[in-house]
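Q: Can you keep this structure in mind? I'll have questions shortly.
No lab work stands behind these numbers, since they all come straight from the coordinates. This is a predicted model, so every value here is computed, not measured. When we count neighbours, we look across all protein chains shown, and the Cβ atoms used for this are built from the backbone with ideal geometry, even at glycine.
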Amino acid sequence: MLDVGAGYGVVSEEVLQAFGSSDHSTGLFRADARPRRHALPVVPKLRYVLCNLVDPSWPKQVGGPFDLAVSAIAIHNLRDPEKIFACYHAIHDLLNPAATS
Ligand SMILES: C[S@@+](CC[C@H](N)C(=O)[O-])C[C@H]1O[C@@H](n2cnc3c(N)ncnc32)[C@H](O)[C@@H]1O
């Protein structure tokens, strides 16, 4: 799972609580521009990636592919419609094709 603009990780915490954090949910990547020392490590393979969502290299920094991507009140901060579109496009390309069908 990828949480874009994760902040302290509230959204990914909720998703993992709703759907369970065992078995498959072993990879959680939180992409954000600022370090979050108090983010809760809910799964063993949690990885926090510091990156700027307007930097074209951010998708490579987080890796993937992901089975799920979540984001809340973050992408609008990019302001420029072209940058927002590019961010959604990058998220789409980070998803596992088998998970999107
Ligand atoms: C309002 S917070 C929302 C955090 C979290 N998604 C939540 O719902 O609690 C917006 C987040 O987007 C991140 N953010 C804003 N612009 C960003 C950028 N250009 N690159 C990466 N993260 C960014 C901020 O650092 C912040 O953590």
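Q: Whose amide H sits under 5 Å from the amide H of L95, counting only residues 5 or more places off or on another chain, with H placed in the peptide plane?
A: Result for L95 returns F66.
Q: Let's test the formula: R0 of 22 Å, r as the Cβ-Cβ distance of F85 and R34. What FRET efficiency results, to the nearest 0.05?
A: Details: r = 23 Å, r/R0 = 1.06.
According to the calculation, E is roughly 0.40.
Q: Could I ask something else about it? What are the ³J(HN,Hα) couplings of region 58-72, residue after residue, when phi is run through the Karplus curve with 6.51, -1.76, 1.60 and θ = phi - 60°? Round to Hz, x for glycine and proline.
A: My calculation for region 58-72 gives 4, x, 5, 5, 8, x, x, x, 10, 7, 8, 10, 10, 6, 9 Hz in order.
Q: On to the next question. Using the number of other C-beta atoms within 10 angstrom as an exposure proxy, rank Y48, Y88 with the fewest first.
A: Ranked by crowding around the Cβ, least crowded first: Y88, Y48.
Q: Okay, moving on. Based on other C-beta atoms within 10 Å, arrange E82, E13 from fewest to most. Please list the in-between numbers first.
A: Numbers: E82 9, E13 17.
Final ranking by Cβ density, sparse to dense: E82, E13.
Q: Let me ask something additional. Could you calculate the contour length gain from A18 to R47, that is, 0.36 nm times the residue separation minus the distance between their Cα atoms, to one decimal place in nm? If you can, show how the numbers build up before the last one.
A: Values: separation 29, 0.36 × 29 = 10.44 nm, distance 2.02 nm.
Using 0.36 nm per residue and subtracting the Cα-Cα distance, I get 8.4 nm.
Q: Counting other beta carbons within 10 Å of each Cβ, put L50, L78 in order, fewest first. Intermediate results must be reported in sequence, preceding the final value.
A: Numbers: L50 13, L78 17.
By the 10 Å Cβ count, ascending: L50, L78.
Q: Now, a different point. What FRET efficiency do you get for D55 and N96 if R0 is 22 Å and r is their Cβ-Cβ distance, rounded to the nearest 0.05?
A: Computed FRET efficiency for D55 and N96: 0.45.
Q: Ok, one more. Tell me, what ³J(HN,Hα) does each residue in region 76-89 have, in order and in whole Hz, if you take phi through Karplus 6.51 cos²θ - 1.76 cosθ + 1.60 with θ = phi - 60° and put x for Gly and Pro?
A: Values, residue by residue: 5, 5, 6, 6, 6, x, 5, 5, 5, 4, 4, 5, 4, 4 Hz.
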